Amino acid sequence: MKPYAKNPVGAHSGTGDWLLQRLTAVVMVIYTVCFLACILVEPPRSFDAWRSMFSGSVFRIATMFFVAALLYHAWVGMRDIVMDYVKPTSIRLGLQTVIGGVLVVYLIWSASILWGAR
């Protein structure tokens, strides 16, 4: 084994990330099915109905889990695409940094929407 990796960006086994990406897909499917069931049982017909639907803590937390799963799922997919198609290490690291930063901003933005000012 070499003491240093030739390509340090993303140089690890992808089995764990592959499994976590499948887990995030399951979380997103469960949330989507539950969300659609809520919509079908009592369709919100106004902004106030939508607002009250998202006012409960359980629904907010479930939505944040969905958003976090979606963003992690996107991270693994985008990271794999960048690792496969961008060969220069410096450009690959820069793209991964930008993508990761954007996804973190999306997570913070989602939290501010769900728990923001009312």
* To do: Say whether the condition of being part of a helix (DSSP H, G or I), in contact (Cβ under 8 Å) with a residue 60 or more places away in the chain and out of contact with any strand residue (DSSP E or B) (no Cβ under 9 Å at 6 or more places or on another chain) is met by at least one residue in region 53-73.
  => no
* Structure fact -> If we keep only residues of region 75-118 that are loosely packed, with under 12 Cβ neighbours inside 10 Å and of a type in the set (K, R), then the residue nearest to A62 (Cα to Cα) is R118
* Asked: Is it true that some residue in region 80-94 is of a type in the set (D, E), in contact (Cβ under 8 Å) with a residue 40 or more places away in the chain and part of a helix (DSSP H, G or I)?
  -> yes
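Residues are listed down the side, and each one gets a yes or a no for (1) farther than 22 Å from L20 by Cβ; (2) of a type in the set (D, E); (3) modelled with pLDDT of 95 or more:
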{"position": "D80", "(1), (2), (3)": "no, yes, no"}
{"position": "M83", "(1), (2), (3)": "no, no, no"}
{"position": "L95", "(1), (2), (3)": "no, no, yes"}
{"position": "V98", "(1), (2), (3)": "no, no, yes"}
{"position": "G101", "(1), (2), (3)": "no, no, yes"}
{"position": "L107", "(1), (2), (3)": "no, no, yes"}
{"position": "I113", "(1), (2), (3)": "yes, no, no"}
{"position": "A117", "(1), (2), (3)": "yes, no, no"}
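The values are calculated or read from the model by the stated rules, or taken from the named source; none is laboratory data. Only a predicted model underlies this, so the values are computations on that prediction, with no experimental measurement involved. Cβ: placed from backbone, ideal geometry, glycine included. Neighbour counts: every protein chain shown.
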